[in-house]
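These notes concern the structure reproduced below.
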Amino acid sequence: MSGREKILNRAVKEIKDGMCVNLGIGMPTLIADRIPEEFDVMLQSENGLLGIGSYPKESEVDADLINAGKETVTAKRNASYFDSAESFSMIRGGHIDLAILGGMEVSETGDLANWMIPGKMVKGMGGAMDLVQGAKRIVVIMDHRNKYGESKVKKSCELPLTGEGVVHVLITDMAVFEFTEKGMELVELQEGVTLEELKEATTASFIVRESVK
Amino acid sequence: MSKIITSLDEVLEQVQDGASIAVGGFGLCGIPEKLIIALQEKGTKELTVYSNNCGVDDWGLGLLLQNKQIKKMVASYVGENKTFEKQFLSGELEVELVPQGTLAERLRAGGAGIPGFYTATGVGTEVAKGKEHKEFDGKTYILERGIVADFAFVKAWKADPFGNLVFRKTARNFNPTVATAGKITIVEVEELVGAGELDADEIHTPGVYVQHVYEGKAYEKRIERLTTRKEA
């Protein structure tokens, strides 16, 4: 199984029946297809839709119906449309149960950096800073290391932050961590990864849950 | 005095160089395409524009960029535009990046007569730099200012002669919020209906916010990312 598959398969388990969930643009969007069909989950799109459906058939395409990634979508049963201020009242007011976002770096104190790389063209944070402060639970999914093999799970983030101490769960291709009062805690190793390999690949300090030892 | 206008040129006469404009739309969805084109033709310069995005190179607000009409852009995400990148890197274009929810709330606040508000969004990030911090119930918040623009450019689906507006699906996005935040709000619609034809219960934006209504023809409604599934 590829690293990406491992991440997505584990991430979908964070979604429980009945939740209202915001999936970030990019890799998190791919989680939608893995949500069990029998679950009654409402996916929120911050441009003003609660209840994202599947992509449209060619004959159903509607320029007035897109998701936050600007892709054409459909609306599912029980869906609602609203304006941007209402959308972010939902997000900032703590009414969204879960947000799953991509990451560039996560620190051992749960800081997240995922919106800009200094020296590169800045595209903007979109709704990410609102989501990390507002949604009840923040799950970050990302590769454990960058293309140079360096740890993206760090003592402290080097890139500009999206939010400070906002991450609840970090899922990488190597492991799953939770952030609690005790600090950053390893709760699962991905299949085929040993604790030694993980420690080698991680610059952040973390504690190891009893069940993983 | 009727709010209905049959040409955008005469109302755009009011838009002078240096004006600020709040513009509805998300990506290319629900953008006031006729107003943008008319303003491009008029050539008004030194504009400050509040909008979630800045169009693409050859459509939407990208047209005003190409024409070098925008001095300052206030937006949450501007990633789809090469002209933008060029003008930003060369220093021609001033940019203020604002978290999307903060932008929406700043417009909502401005339209509601609220000069500022506290939010947790952006605390501990570059967005918080230079802003007042205040603690409420043990949590830190920053002060953000409401936005009132000289003009609001809005795209709605339907309007009646009073300027009551109905939006369609996710083309609603920033439009109702922007409509409240303009000193002069100009709305373009796909369909102008007669007085009394909109049910009072279905109106998204009451006409009190609207000064001018224009019925546009042949909307292009470009799609940025066409994604489909196979026909069964």
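So here's what we get for this one:
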| item | result |
| --- | --- |
| Condition check for A:MET129: without any contact (Cβ under 8 Å) to a residue 40 or more places away in the chain and under 26 Å from B:VAL78 (Cβ atoms) | yes |
| Scope region A:175-204; condition under 17 Å from A:VAL106 (Cβ atoms) and out of contact with any strand residue (DSSP E or B) (no Cβ under 7 Å at 6 or more places or on another chain); matching residues | A:PHE179, A:THR180, A:LYS199 |
| Looking only at region A:123-153, and only at residues there that are of a type in the set (S, T, N, Q) and surrounded by fewer than 22 Cβ atoms within 10 Å (Cβ to Cβ), the one that is nearest to A:LEU189 (Cα to Cα) | A:SER151 |
| Near pairs, Cβ below 8 angstrom, 6+ apart or cross-chain, from region A:48-62 (closer than 10 Å to A:ALA75 by Cβ and modelled with pLDDT of 95 or more) to any residue that is assigned to a helix (DSSP H, G or I) and open to solvent by 50 Å² or more (accessible area, probe 1.4 Å) | A:LEU49/B:LYS169; A:ASP62/B:LYS169 |
| Every residue from region B:9-59 that is in a loop (DSSP other than H, G, I, E, B), without any contact (Cβ under 8 Å) to a residue 60 or more places away in the chain and not polar (S, T, N, Q) | B:GLU13, B:ASP17, B:GLY18, B:GLY43, B:LYS45, B:GLU46, B:CYS54, B:GLY55, B:ASP57, B:ASP58 |
| A:THR194 being open to solvent by 50 Å² or more (accessible area, probe 1.4 Å), of a type in the set (Val, Ile, Thr) and within 28 Å of B:ALA120 (Cβ to Cβ) | no |
| Filter result for A:GLU38 (over 18 Å from the mean Cα position of the chain (by Cα) and free of Cβ contacts under 8 Å to residues at least 40 places away in the same chain) | yes |
| Residue within region A:102-117 that is open to solvent by 10 Å² or more (accessible area, probe 1.4 Å), closer than 24 Å to B:GLY25 by Cβ and within 12 Å of chain B (Cβ to nearest Cβ) present | yes |
| Single condition B:ALA38 does not satisfy, out of (1) within 22 Å of B:PRO99 (Cα to Cα); (2) touching a helix residue (DSSP H, G or I) at 6+ places or on another chain (Cβ under 7 Å); (3) more than 14 Å from chain A (Cβ to nearest Cβ) | (1) |
| Residues of region A:60-81 satisfying the condition of being at the interface with chain B (Cβ under 7 Å from one of its Cβ atoms) and either over 22 Å from the mean Cα position of the chain (by Cα) or of a type in the set (A, V, I, L, M) (or both) | A:VAL61, A:ASP62, A:ALA63, A:ASP64, A:LEU65, A:ILE66, A:TYR81 |
| Enumeration of residues in region A:47-64 that are touching a helix residue (DSSP H, G or I) at 6+ places or on another chain (Cβ under 9 Å) and open to solvent by 10 Å² or more (accessible area, probe 1.4 Å) | A:LEU50, A:ILE52, A:SER54, A:ASP62, A:ALA63 |
| Failed item in (1) among the small types (Gly, Ala, Ser); (2) within 28 Å of B:GLY55 (Cα to Cα); (3) surrounded by 13 or more Cβ atoms within 10 Å (Cβ to Cβ), with B:ALA120 passing the rest | (2) |
| Exclusive hit being open to solvent by less than 10 Å² (accessible area, probe 1.4 Å) and either aliphatic (A, V, I, L, M) or touching a Leu at 6+ places or on another chain (Cβ under 7 Å) (or both), set B:VAL187, B:VAL148 | B:VAL187 |
| Residues that are more than 10 Å from chain A (Cβ to nearest Cβ), open to solvent by 40 Å² or more (accessible area, probe 1.4 Å) and more than 21 Å from B:GLU144 (Cα to Cα), drawn from region B:87-106 | B:SER90, B:GLY91, B:GLU92 |
| Criterion (assigned to a loop (DSSP other than H, G, I, E, B) and more than 10 Å from chain B (Cβ to nearest Cβ)) met by exactly one of A:PRO28, A:PRO36 | A:PRO36 |
| Verdict on B:LYS169 being open to solvent by 10 Å² or more (accessible area, probe 1.4 Å), within 20 Å of A:GLU46 (Cα to Cα) and not acidic (Asp, Glu) | yes |
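The values are calculated or read from the model by the stated rules, or taken from the named source; none is laboratory data. Just so you know, these numbers come straight off a predicted model, no measurement behind them. A quick note on method: Cβ atoms are made from the backbone with ideal geometry, for glycine too, and the neighbour counts reach across all protein chains shown. All accessible areas refer to the heavy atoms of the entire protein, side chains included, with ligands and DNA or RNA removed. Shrake-Rupley method; radii C 1.70, N 1.55, O 1.52, S 1.80 Å.
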